[in-house]
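Take a look at the structure set out below.
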Amino acid sequence: MSRLLSWVIGSVPTMTDFRPPSLQVDSNDQAVAQLAIYYSSSQPYVGARFDTWSSRHCSESSTEFTADDLVAVSFLSVNVPPLAAKRLLTDDPSTFNNLLAEIPPHLSFWEAGEPSEKSPQWKLEKELMAISGVGLAIASKLMARKRPYLVPILDSVVRSTLGLPQRKWASLYGLFSDVEFRNRLETVRAEVHQRDDVMLPDDLSLLRTFDVVTWMDGKAMSASDPVYEGWPQDPARDED
């Protein structure tokens, strides 16, 4: 009986923990430190500009991709290729902007329901990735720029740190459906926002908070990188 019980228990798949390492412990101290370093007011990471970039020549729009969005993702160390930019902005903008317009600007990841192939965000990701030179990292960063409450950034560092499957966002849906986990992210964000040495965007989303903490964890754990504090000017947001 004990041998059978052991086989049954061993055959049950375990739930993967998709929390970043600094939030797999009881204390929030490490996550707070990661977020504060990234958005330091004296020496922020280049990627901190992704959230707020807007040029005087290009007004921000929530229903269309603009040149500002292409500049913003460059702060996360990816560049939209020229022909891809041309298609996105001038040759075929309606294909992408019409899908974008179907997505409410402040719709949150967990309120939207589990992603499916019928959802406009799923279709938009597919259309973006059909552009030559646009992979998952660029597509997710463009979408996160326009819908920061809905779309998680999925580059190679984030996926590797979390142990995510190669592509879909659905793996994170269960995590963000957990109210306690969202409350914890809110606590981390609030603690950093109160600090005098940090310039945290007022409307920083929970998904972006999660992304920064995860990415900083991943870079800190990388055997090929020195400690992360020493590299504020190199966001190193890998493509795919």
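Derivation of every value follows stated rules applied to the coordinates shown; laboratory data play no part. This is a predicted model, so every value here is computed, not measured. Cβ: placed from backbone, ideal geometry, glycine included. Neighbour counts: every protein chain shown.
Under a crude label model (7 Å from the Cα following the beta-carbon direction), how far is Lys118 from Thr90 in nanometres?
3.9
Taking amide H atoms as placed 1.01 Å from N in the peptide plane, list the residues 5 or more away in sequence, or in a different chain, whose amide H sits under 5 Å from that of Val198.
Ser41
Fewest Cβ neighbours within 10 Å first, please rank Thr63, Thr90 accordingly. Don't skip to the answer; put the middle values down first.
Values: Thr63 12, Thr90 8.
Result, fewest neighbours first: Thr90, Thr63.
Along Cα→Cβ, 7 Å out, is where each label goes; now give me the distance between the ones at Ser62 and Glu111 in nm to one decimal.
For Ser62 paired with Glu111, the spin-label model returns 1.1 nm.
Provide Ile138, Ile103 in ascending order of the number of other Cβ atoms located within 10 Å of each residue's Cβ, fewest first.
Ile103, Ile138
Which of rounded, prolate, oblate describes the stretch 138-196, given a ≥ b ≥ c as roots of the alpha-carbon gyration tensor eigenvalues and a/c under 1.5 marking rounded, otherwise prolate only if a/b is larger than b/c? Present the calculation step by step, with values, prior to reporting the outcome.
Values: a/c = 1.88, a/b = 1.46, b/c = 1.29.
Prolate, because a/c is 1.5 or more and a/b exceeds b/c.
Among the GluC sites (Glu not before Pro) within the stretch 90-134, which fall in a DSSP loop and have no more than 10 other Cβ atoms within 10 Å of their own Cβ?
Numbers: sites: Glu102, Glu111, Glu117, Glu125, Glu127; in loops: Glu102, Glu111, Glu117.
Within the stretch 90-134, the qualifying GluC sites (Glu not before Pro) (loop, at most 10 other Cβ atoms within 10 Å) are Glu117.
So what is Rg over Rh here for the stretch 96-196, counting just Cα atoms and using Kirkwood for Rh?
0.99
Pairs to check: Lys118/Lys219; Lys86/Lys146; Lys86/Lys141; Lys86/Lys118. Give those whose C-alpha atoms are more than 25 Å from each other in this structure.
Details: Lys118/Lys219 35 Å; Lys86/Lys146 18 Å; Lys86/Lys141 18 Å; Lys86/Lys118 27 Å.
With Cα atoms farther than 25 Å apart: Lys118/Lys219; Lys86/Lys118.
Multiply the residue gap between Gln24 and Arg184 by 0.36 nm, knock off their C-alpha separation, and tell me the result in nm, one decimal place.
56.5 nm
Are there trypsin sites (Lys or Arg not before Pro) in the stretch 103-143 that DSSP marks as loop and that have at most 12 other Cβ atoms within 10 Å, and which are they?
On the way: sites: Lys118, Lys123, Lys126, Lys141; in loops: Lys118.
Sparse-neighbourhood loop trypsin sites (Lys or Arg not before Pro): Lys118.
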